[in-house]
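One structure is given below, encoded as structure tokens.
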Amino acid sequence: MVMFWFSLVVLAWVLFFVLEGFDFGVGLLGPVLGRDDHERGAIVRTVGPFWDGNEVWLVAAVGITFAAFPDWYAALLSGLYLPLVALLLLLAVRGVALEFRGKGDGHRWRRRCDAALAASSAGIVLLWGALLAVFARGLALGPDGEVTGTGLGRSLAPLATAEAGLGALLALAAAVLLGATFLTLRTTGPVRRRARRTAVATALVTGGALLVTAAATGARGAAAGTAVCLGVALLARWRREVAAFAGAALGVAAAVAAVFTAGGDVVLASTLSDAWSLTRSGAVATDSTLRLLTVVGLVVLPGVLVYQAWSYWVFRRRIASERIPS
């Protein structure tokens, strides 16, 4: 039961970061790849039917962590409450920008919504990347499982590390790559061509940076990331758009899964002492709680997966970014 629910936690986080990853990437790239209001509108419409459904996996990931591993949930939220509040505010800004873009009249209103969408998407990606690095590195957990420290530093200090900065930059590159490869699948015309060039360039630059990291540190994960980026760049260059997007998505999924599973039984390491780290067996809820959750999960989760797959199938056609004469 413990492994089953831990696997569901990891699955929910993976689905969130992959599905919302291309959402964030599209929001980032809108003002960059769209040369006029029509093209920017086409870019936004590619994620219009999906973005709010994709956010369901954030609710699922947080909810499953809270129910199945309450001590893990408590340590993360108490130790990182300020950046998590900032994330919620940025998600709200992004939702408003997406929903209200078509509600006002005039190009100026839509340009402001596009700018808010791009800025909030960038902020969310950078924060999530830094937080994933913190998840992998750990927090200053004491012997009672509580995060030590007081004041603002207790919540902000974990982000002021080299690992957090590197995680933020890698997350930004991953979101741009996912967004660009998604746009090659979902658009026609000039936006599709620009998205393809962006995907190739982003994959090559990211792969080069990972190659330098692998050479300097010997990290196998960085070497594997280099191979994935090179493959995505080649597939995008050869216009194998489905394969390029699938490769980028699998790379992000593998990276997120590695963050949550690299510690083995440890779900949150203590930077003060290994003996104070949180383990799966130590952070899990009671057996009766897990049994109840299993009944609920077997009813709800398959329905969510089927509905989301159906929505992607219904809205599978491309969006025209070129102007089509009437």
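The values are calculated or read from the model by the stated rules, or taken from the named source; none is laboratory data. Since the structure is predicted, the reported quantities are computational estimates derived from the model, not experimental observations. Heads up, the Cβs are rebuilt from the backbone with ideal geometry, glycines too, and the neighbour counts pull from every protein chain shown.
For region 67-93, which residues satisfy the criterion of being surrounded by 15 or more Cβ atoms within 10 Å (Cβ to Cβ) and among the aromatic types (Phe, Trp, Tyr)?
PHE69, TRP72, TYR73
Of the residues GLY165, GLY138, GLY129, GLY149, only one is more than 28 Å from CYS229 (Cβ to Cβ) and not β-branched (Val, Ile, Thr); which?
Just a single option satisfies the conditions, and that option is GLY149.
Part of a helix (DSSP H, G or I), modelled with pLDDT of 90 or more, surrounded by fewer than 20 Cβ atoms within 10 Å (Cβ to Cβ) and among the aliphatic types (A, V, I, L, M): is that true of VAL26 in this structure?
Criteria not met by VAL26.
Against the condition buried (at least 18 other Cβ atoms within 10 Å of the Cβ), touching a Phe, Trp or Tyr at 6+ places or on another chain (Cβ under 7 Å) and not hydroxyl-bearing (Ser, Thr, Tyr), how does VAL267 come out, does it pass? Steps first, please.
On the way: buried (at least 18 other Cβ atoms within 10 Å of the Cβ): yes; touching a Phe, Trp or Tyr at 6+ places or on another chain (Cβ under 7 Å): yes; not hydroxyl-bearing (Ser, Thr, Tyr): yes.
When the stated conditions are applied, VAL267 passes them.
Can you tell me which residue within region 94-150, out of those that are within 22 Å of the chain's Cα centre (by Cα) and acidic (Asp, Glu), is surrounded by the fewest Cβ atoms within 10 Å (Cβ to Cβ)? So that I can check it myself, show each step before the final result.
Taking region 94-150 and keeping what is within 22 Å of the chain's Cα centre (by Cα), we get 94-99, 113-139.
Checking the rest, the ones that are also acidic (Asp, Glu) come to 99, 114.
Numbers: GLU99: 13, ASP114: 21.
Per the stated criteria, the residue is GLU99.
Could you please give the count of residues in region 69-114 that are within 30 Å of THR286 (Cβ to Cβ) and among the β-branched types (Val, Ile, Thr)?
Result for region 69-114: 1.
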